[in-house]
Amino acid sequence: MAEANAVSESSSDPFNVAYWQKRWEENQIGFHRTQINPFLLKHIELVTGQKLTAEPIGDTDKFLENSKKTWFVPLCGKTMDIPYLLSQGFRVFGLEAAKLAIEALDQEHSLCLVYNEETKLFTGADGLLQIYMGDLFTCPIEKFGPFDYVWDRGSFVALEYPFRSSYIELMQRALKKSDGSWYDFKYLMDSVQYDKSKYGGPPRSVDDIDIDEFYKPWSSVQLVETEALPEDNRVAKLVGGEVLCRIYFITPPK
């Protein structure tokens, strides 16, 4: 259970940016998927209202229409989901503290990213992609939102439990209009649930109590899929018991 205690609070680095940067430097990125996330592919119609496949849609009217919509992908790493969303015409705003991850994403997918030191933004993919490089909690996210769609593919579960309130505050700023009202957002979250007494994470468990505390006070939440991880899965082995993958669909309060 060494990994369970690998992250600890620090006054100089309260959100463990250095920890994740070190993971990338040492190539300890078992959390990275080498394929498009299957849950994103499966539920993208629920989010966008469009029947989309894994294939690029090309220079079409749909591509141009999709370019009016922006996905927010927090703690994006070098996820394959970003080039996929770009191939469907969408704009993407990523947030990542590890420069190595952003550079790897650029090199592996020829995104032609250019960095602006003043704004801390990488911009590329013919202007469709922006990635803010820095601490999640110091990003002035309201300058870049509100966002049409959110794909939380591993950021909420990556954070230590004490920092979840700060994360939710940032997400709320990302999804509100300038007048403080809610934007018409669609938010898909990939999470895991397990017995917290058996493993400290990451990834960290999200149970019904967490959803009630952190999401339901300000949004409408729908559990759209639950799937048990196989026993030979890395997380299942660390937990030593059942681990459920749970996909949530989150929208503005009714």
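The values are calculated or read from the model by the stated rules, or taken from the named source; none is laboratory data. This one's a predicted model, so the numbers in the text were calculated from it and none came from an experiment. When we count neighbours, we look across all protein chains shown, and the Cβ atoms used for this are built from the backbone with ideal geometry, even at glycine.
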Here is a list: 136, 121, 111, 129. Which entry is of a type in the set (A, V, I, L, M) and out of contact with any helix residue (DSSP H, G or I) (no Cβ under 9 Å at 6 or more places or on another chain)?
121
What strands (runs of 3 or more DSSP E), lying completely within the stretch 113-153, carry at least 1 residues that are touching a Lys or Arg at 6+ places or on another chain (Cβ under 8 Å)?
129-133, 149-152
Leading residue by the ranking (modelled with the highest pLDDT) among those in the stretch 213-254 that are in a helix (DSSP H, G or I) and surrounded by 17 or more Cβ atoms within 10 Å (Cβ to Cβ):
214
Flagged in the stretch 80-106 as part of a helix (DSSP H, G or I), within 21 Å of residue 54 (Cα to Cα) and not hydrophobic (A, V, I, L, M, F, W, C), in numbering order, are 81, 83, 84, 87, 106
Does the stretch 84-111 hold any residues that are under 24 Å from residue 23 (Cβ atoms) and surrounded by fewer than 20 Cβ atoms within 10 Å (Cβ to Cβ), and which are they?
99, 100, 103, 104, 107, 108, 109
Conditions (1) surrounded by 21 or more Cβ atoms within 10 Å (Cβ to Cβ); (2) of a type in the set (A, V, I, L, M, F, W, C); (3) within 23 Å of residue 71 (Cβ to Cβ); number of the one not met by residue 168:
(1)
Looking at the structure I just gave you, is residue 210 assigned to a helix (DSSP H, G or I), acidic (Asp, Glu), under 26 Å from residue 19 (Cα atoms) and out of contact with any Gly (no Cβ under 6 Å at 6 or more places or on another chain)?
yes
What number of residues within the stretch 177-202 satisfy the criterion of being surrounded by fewer than 21 Cβ atoms within 10 Å (Cβ to Cβ) and either assigned to a loop (DSSP other than H, G, I, E, B) or of a type in the set (Val, Ile, Thr) (or both)?
12
If residue 158 passes every condition in (1) surrounded by fewer than 20 Cβ atoms within 10 Å (Cβ to Cβ); (2) at pLDDT below 95; (3) within 24 Å of residue 42 (Cβ to Cβ) but one, which one does it miss?
(1)
Can you tell me which residue within the stretch 168-208, out of those that are among the aliphatic types (A, V, I, L, M) and within 14 Å of residue 244 (Cα to Cα), is nearest to the chain's Cα centre (by Cα)?
189
For the stretch 36-75 the number of residues that are assigned to a loop (DSSP other than H, G, I, E, B), touching a residue at least 60 places away in the same chain (Cβ under 8 Å) and either over 16 Å from residue 247 (Cβ atoms) or more than 18 Å from the chain's Cα centre (by Cα) (or both) is 3
Taking the stated definitions as given, is residue 170 under 26 Å from residue 19 (Cα atoms) and not in a loop (DSSP other than H, G, I, E, B)?
yes
